[in-house]
Amino acid sequence: MFILFGMPIAQIMLFGFAITNEINNVDIAILDKSKDAETKLIIDKISASKHFNIQDEIRNENQIEAVFKKGKVKAVLVFEKDFAQNLQTQKNGNVQVISDATDPNTANTITNYIQSILRNYQQELNKGTVNPYQIQVQSQMYYNPELKSVYNFVPGVMTVILMLVSAMMTSISITREKELGTMEILLVSPLKPFIVIIGKVFPYIFLSIINAIVIIVLSIFVFNVPVQGSLFLLGIESILFIITSLTLGVLISTISETQQTALMISLMGLMLPVILLSGFIFPLSSMPLPLQYISNIIPAKWFIIILKGIMLKGVGIAELWKETVILVIMALVFTAISVKKYKIRLE
């Protein structure tokens with residue numbers, strides 16, 4: 001009854017709130033070389049928009065890449081030196097929009113929104129003037145200058161595949177023992193619950209690692225997705241995510257009585273949240289706050305950040321330590337709950 005009536009309601013609510021082509025509350029940084037009245041008015045106008053939050057004000061171009069590597073800021077707005085003076089004397093001012101193009105669709109949308117705000121400001125300036133002012137907007141895309149969508153989809157698809165395959169493989173492991181009757185043998189054995197859990201997870205680690213290697217090789221040699229960072233770190237982080245996904249699958253299997261139930265929870269309960277709430281397709285900043293909070297418990301969200309950071313930005317563990325610690329904590333929590341839920345007596 002829950003699957004028949006509960007899942008459709010949850011899914012339509014999730015789709016309705018999560019799927020949007022708009023962007024809201026995107027964090028951007030400002031590099032204001034002019035610091036005059038005109039640039040302040042434009043910055044205030046952008047800050048007042050529901051689409052953007054002014055997250056940081058940087059001092060020079062050398063800080064731009066460092067800001068992007070932190071992962072929070074999605075664009076930097078750069079005002080030329082003497083912007084107001086050039087606008088008054090030459091009737092022309094230049095603004096540059098530098099976007100993090102690891103997600104090309106979001107980068108394009110951010111640029112278009114800023115251009116729209118600047119056009120509105122330009123129209124206000126030109127009211128009642130004979131010689132119109134022109135604000136020229138130049139765009140630059142970091143990490144993906146050709147705006148290849150494959151740079152965004154490969155890390156996302158890799159995450160979804162590893163998450164679903166790993167969780168599904170382990171979710172039916174203990175439930176299969178229950179249905180076949182072999183659980184009795186495990187229960188009368190001297191094995192501790194955590195040994196059984198580790199035994200169920202361990203073989204699937206190698207199978208999932210093979211999957212991860214195949215995906216990475218195809219990404220590099222077929223789709224030409226670069227790996228700017230350390231391959232060793234990429235491998236370690238992938239193994240960590242695999243272990244996290246496998247422990248989640250074991251947790252599902254310990255609370256499910258049948259393989260069918262475990263499979264339904266793995267597919268319907270994980271697939272949509274992983275796709276919609278991981279930031280893979282739709283920007284999380286545009287979703288309602290409750291969904292943003294819920295996304296924090298989705299392991300795929302943190303692994304996508306890690307993948308894009310290593311593969312496209314070339315960042316190291318110094319920038320990705322927080323996401324790594326979160327995945328470690330999730331794996332430990334899932335394992336602890338699984339051990340606690342593991343029943344040492346048959347119903």
Fill in: Qualifying positions in the range 254-268 - part of a helix (DSSP H, G or I) and open to solvent by less than 30 Å² (accessible area, probe 1.4 Å)
T254, A262, S266
Practice prompt. Specify which of the listed residues (S238, S338) is assigned to a helix (DSSP H, G or I) and under 26 Å from T182 (Cβ atoms).
Written response: S338
Item to complete: Identify, from the list N21, N62, N86, the residue that is surrounded by 14 or more Cβ atoms within 10 Å (Cβ to Cβ) and modelled with pLDDT under 90.
Response: N86
Worksheet entry | Matching helices (runs of 4 or more DSSP H) fully within the range 30-108 where at least 2 residues are farther than 30 Å from L307 by Cα | 37-48, 83-89
Item to complete: For the range 299-324, name all the residues that are free of Cβ contacts under 8 Å to residues at least 12 places away in the same chain and basic (K, R).
Response: K322
Discussion item. If I ask for residues that are surrounded by fewer than 14 Cβ atoms within 10 Å (Cβ to Cβ), within 23 Å of Y143 (Cβ to Cβ) and acidic (D, E), which ones from the range 39-59 would you list?
Written reply: E57
Practice prompt. Scan the range 48-61 and report the pairs whose first residue is within 11 Å of K74 (Cα to Cα) and whose second residue is open to solvent by less than 60 Å² (accessible area, probe 1.4 Å) and part of a loop (DSSP other than H, G, I, E, B), with Cβ atoms within less than 6 Å and a gap of 6+ or a chain change.
Written response: Q55/V73
Worksheet item: Does T106 satisfy the criteria of being at pLDDT below 90, within 28 Å of E323 (Cβ to Cβ) and buried (at least 16 other Cβ atoms within 10 Å of the Cβ)?
Response: yes
Worksheet item: In the range 198-235, what residues are more than 18 Å from the chain's Cα centre (by Cα), among the hydrophobic types (A, V, I, L, M, F, W, C) and outside any helix (DSSP H, G or I)?
Response: V222, F223
Item to complete: Would you check which residues across the range 193-216 are under 17 Å from E237 (Cβ atoms) and open to solvent by less than 70 Å² (accessible area, probe 1.4 Å) and list them?
Response: I205, S208, I209, N211, A212, I215, I216
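The values are calculated or read from the model by the stated rules, or taken from the named source; none is laboratory data. Here the structure is a predicted model, which means the values were calculated and not measured. With ideal geometry, Cβ positions are generated from the backbone for all residues, glycine too; neighbour counts draw on all protein chains shown. Just so you know, the surface numbers come from the protein's heavy atoms only, side chains and all, with ligands and any DNA or RNA stripped out. Shrake-Rupley method; radii C 1.70, N 1.55, O 1.52, S 1.80 Å.
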